[in-house]
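Worksheet: the structure to be examined is printed underneath.
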Amino acid sequence: MGNEHTGHRKRLKNRFATSGLDDFEPHNILELLLFYVIPQRDTNPIAHRLINRFGSFSAVLDAKVEDLMEVEGMGRSSAEYLTMFSQVARKYLEDKAEIVSSATGSADIGGLFLTKYVGVTDEQVMLATFDNKNRLINCKTIYKGDIIKSTVPMRKVVEEALATKATRVVLAHNHPGGLPLPSPEDMVTTMNIGDLLYQIDVELVDHIIVGHDDYVSMAASGYKMRRKN
């Protein structure tokens, strides 16, 4: 049995080395990944159980450690290992993305935020800050939670703008599992934050909403960033 597993592992690794992952079934990819953290067991049944439990390859990689550990054959190390991949993918895409040097291009800044939300399944508010020459200073998560149901993001936006000495900022939040369409509450929140930033001479350039691997630029869609002229 050991030789059979060894031969199967070698064939699957050779297949990957020769042709990449394009022709792999989702369970084969998981099986291959688990080779490196479960060295002495047949990982094929575990891969099938993971797909059956969570429904898709991406859902497996987005699952929480505790949930993965409930699947037969999965321990903490293998569960933590799998949760790394969506986060590694996000960091990879961020690193590959062209450096955003201007706050005026909604496509560029929208694409930047899109990469930062890869694999993010909870609600997060992010902020990109820019200097007076439109150079990107920083882009980071400033709050985890519903932007509509909390006043915390408003304070955090101001604090981050002041801390980075920004003159322009772009706000972003995600709709996990939903469409990136601005709600009436999103519109009100955007103008409230825009008005608050206006008082400290900082311009809210755009509010990006991310969802379902897509995004909407509120500024490009014609929404107001503040009430005052």
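In table form, for the structure just shown:
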quantity	calculated
Residue match in segment 153-163 (condition: assigned to a strand (DSSP E or B), buried (at least 19 other Cβ atoms within 10 Å of the Cβ) and touching a residue at least 12 places away in the same chain (Cβ under 8 Å))	no
Residue list for segment 18-34, restricted to those being part of a helix (DSSP H, G or I), out of contact with any Ser or Thr (no Cβ under 6 Å at 6 or more places or on another chain) and surrounded by 15 or more Cβ atoms within 10 Å (Cβ to Cβ)	Pro26, His27, Asn28, Ile29, Leu30, Leu32, Leu33
Answer from Thr129, Thr115, Thr83, Thr121 - the residue that is open to solvent by 40 Å² or more (accessible area, probe 1.4 Å), under 30 Å from Val157 (Cβ atoms) and in contact with a helix residue (DSSP H, G or I) (Cβ under 7 Å, 6 or more places away or on another chain)	Thr121
Selected residue (criterion: surrounded by the fewest Cβ atoms within 10 Å (Cβ to Cβ)) from residues of segment 138-152 that are over 22 Å from Ala220 (Cβ atoms) and β-branched (Val, Ile, Thr)	Thr151
Subset tally (residues that are free of Cβ contacts under 8 Å to residues at least 40 places away in the same chain and open to solvent by less than 50 Å² (accessible area, probe 1.4 Å)) for segment 179-188	3
Condition broken by Glu160, with the remaining ones in (1) touching a Ser or Thr at 6+ places or on another chain (Cβ under 7 Å); (2) more than 15 Å from Ile193 (Cβ to Cβ) satisfied	(2)
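Residues are listed down the side, and each one gets a yes or a no for (1) assigned to a strand (DSSP E or B); (2) without any contact (Cβ under 8 Å) to a residue 24 or more places away in the chain; (3) over 22 Å from Val120 (Cβ atoms); (4) charged (D, E, K, R):
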{"site": "His173", "(1), (2), (3), (4)": "yes, no, no, no"}
{"site": "Gly177", "(1), (2), (3), (4)": "no, no, no, no"}
{"site": "Thr190", "(1), (2), (3), (4)": "no, no, no, no"}
{"site": "Leu196", "(1), (2), (3), (4)": "no, no, yes, no"}
{"site": "Ile200", "(1), (2), (3), (4)": "no, no, yes, no"}
{"site": "His207", "(1), (2), (3), (4)": "yes, no, no, no"}
{"site": "Gly222", "(1), (2), (3), (4)": "no, yes, yes, no"}
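The values are calculated or read from the model by the stated rules, or taken from the named source; none is laboratory data. The structure displayed is predicted, hence computed values, not measured ones. Positions of Cβ are backbone-derived with ideal geometry, glycine not excepted, and every protein chain shown enters the neighbour counts. All accessible areas refer to the heavy atoms of the entire protein, side chains included, with ligands and DNA or RNA removed. Shrake-Rupley method; radii C 1.70, N 1.55, O 1.52, S 1.80 Å.
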